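**Q** I have a structure here, written as C-alpha cells, and I will follow up with some questions on it.
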Amino acid sequence: MLVKLRVWAFAMLLATAMACGVGRHSSSGFRLPPDGNPAQGKIEFVALGCNTCHHVPGVELPAPTVQPPVPVALGGQVSVEPADGYLAASIIYPSYRLAAYPRHAISNGHDSRMPSYADRITVRQLTDLVAFLQQQYTVVAPAPAYAYH
C-alpha cells in the first residue's frame, strides 16, 4: 500500500511540474493575443526601422545600415523557443536583459543601443511583430555535452 501511495504521489508531482512548464505559450508566462499576423509583422519590422540594426537570416529585408554594426541577428536555431514575453520585453524595454553578445557592441554603458519602443508601438503592431519573429526561430535538440568513444 505504501508503494502505491508513493507511486501515486510521484505521478501527481510529475504531472504538476509538467503543467508549469516553460515555453512560448506557458501558462505561467506573458500572453499576447493569439492572432498575430507574421506577414504584417514583417511590414512592421521595416516600418519601425528594426532592419536598420538587425539582420534576420533567410528573410529578404533592406540591409542594416547602423554604424557600428549591431551583432544581434534575430532568428535561427535555438534549443528553446523564445517566449512571447521575452520578445515583447526586448522590444518595449530592451535594456531589461541584454542579449548574450559583447556588452560594448550592444550597449552604451548600461543601456541597450536599441531604443525603447514602449511609447512608439501599438499592441497590434507588437503582436504582429512577435508573430513574425517567432517564425524565424527553429527549435533543435541541443548537442550532448559528452561524447561516447
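Each reported figure results from applying straightforward, stated rules to the coordinates on display, with no laboratory input. Here the structure is a predicted model, which is why all the values come from computation and not from measurement. Cβ atoms come from the backbone with ideal geometry, glycine included; neighbour counts cover every protein chain shown.
**Q** For the range 39-56, just list the computed ³J(HN,Hα) in residue order, Karplus coefficients 6.51, -1.76 and 1.60, θ = phi - 60°, integers in Hz, with x standing in for Gly and Pro.
**A** 5, 5, x, 5, 5, 5, 4, 6, 4, 7, x, 4, 5, 5, 10, 9, 9, 10
**Q** Can I ask one more? Once you order the gyration tensor axes a ≥ b ≥ c over the Cα atoms, which shape class does the range 83-149 get: rounded for a/c under 1.5, otherwise prolate or oblate by comparing a/b with b/c?
**A** The shape class here is oblate.
**Q** Take the alpha carbon gyration tensor of the range 30-139, find the square roots of its eigenvalues, order them as a ≥ b ≥ c, and report rounded if a/c is under 1.5; if not, report prolate when a/b exceeds b/c, else oblate.
**A** Since a/c stays below 1.5, the shape of the range 30-139 is classed as rounded.
**Q** Another one. For the range 106-114, just list the computed ³J(HN,Hα) in residue order, Karplus coefficients 6.51, -1.76 and 1.60, θ = phi - 60°, integers in Hz, with x standing in for Gly and Pro.
**A** Along the range 106-114, the couplings run 10, 9, 10, x, 9, 9, 5, 5, 6 Hz.
**Q** Highest first, please rank the peptides 35-45, 52-62 by the mean number of other Cβ atoms sitting within 10 Å of their residues.
**A** 35-45, 52-62
**Q** Could I have the simple spin-label model distance between residue 47 and residue 101, label points 7 Å from Cα toward Cβ, reported in nm to one decimal?
**A** Between residue 47 and residue 101, the label points sit 2.5 nm apart.
**Q** Could I have the simple spin-label model distance between residue 79 and residue 135, label points 7 Å from Cα toward Cβ, reported in nm to one decimal?
**A** Here the modelled spin labels are 2.8 nm apart.
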